[in-house]
Amino acid sequence: MTPRVGSPPRALVAAAIVGLALFFVLPLVGLVAHASASSLLDALRAPAVRTALVLSLVCSTAAAAISVVAGVPIAWLIARTNFPGRRVVRSLTLLPLVLPPVVGGVALLLAFGRNGFVGRALGVHLPFTTWGAIVAETFVALPFLILTVEAALRSLDPGYEEAAATLGAGPWRLLFRVCLPLIGPSLLSGVALAWARALGEFGATITFAGNVPGRTQTLPLAVYVTLESDPRAATALSLILLIVSIGVLVVVGRRAVTLARLQP
């Protein structure tokens, strides 16, 4: 086979295949190989596991929804306006990407805890509650949506917005009737990334919301606790989390492809 013009060198292709195998394929193969059907069924029958799974889905879905509501305006502001301090705002919104999750959990605790300046002023008590777990997951998931939507808005042809503006469309109409439909696949990808990050969140959740069964013990926390006493059951729980994640991402990916084909 003759390589196409502009195709990467064979050495680079080989390095990519080795990296893919080492860091993605082999760990997943190891997880699947050590999990049995019986242990998987036993884990699914356990009420605590089902509760943790449902709680994980509820919290991650809520975090993804909040990320859309809060993240789309932020991404639009950064991508479409030029104001003093824009780079600072962008850096702050992306800070949770590089901040250790445990540090994020401590920061949330100092701000929204019972003795935190926000919690004390508003009289709210988020730590060790389900809403606390949602807030912790949103904190780490929101930057993924902002980054994806911002990149899509920057690459969007401004001619569509200019044409709509000449027809009398206001800023909000431009956003909801022009921009968001045109970047639909990217928006959906951003939601999927935010949801997946929230589903797998551990550090900020356990630091800020704790590990209370039935209220804040999501499936990643249940895997960590179970690993200390029953590694076989922890493997089964990890496999459940993997199956759910892959299933949702496949569905979202197909939907994104469908939306991309409908783009003008």
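Bear in mind that the values in this text are calculations on the coordinates, not laboratory data. None of the values given here were measured: they were computed from a predicted structure. Glycine gets a Cβ as well: all are built from the backbone with ideal geometry, and neighbour counts include every protein chain shown.
Some observations on this one:
- Qualifying residue in region 95-106 (condition: touching a residue at least 60 places away in the same chain (Cβ under 8 Å), β-branched (Val, Ile, Thr) and farther than 21 Å from VAL191 by Cβ): yes
- Among the helices (runs of 4 or more DSSP H) confined to region 1-115, the ones with at least 3 residues that are basic (Lys, Arg) are located at 86-98.
- Pairs where the first residue, in region 65-84, is more than 17 Å from ALA198 (Cβ to Cβ) and the second is part of a loop (DSSP other than H, G, I, E, B), C-beta under 9 Å, 6+ apart: LEU77/PHE83; ALA79/LEU156
- Any hit, region 115-123, residues being surrounded by 14 or more Cβ atoms within 10 Å (Cβ to Cβ) and touching a residue at least 12 places away in the same chain (Cβ under 8 Å): no
- Failed item, numbered, when SER155 is tested on (1) without any contact (Cβ under 8 Å) to a residue 12 or more places away in the chain; (2) buried (at least 20 other Cβ atoms within 10 Å of the Cβ): (2)
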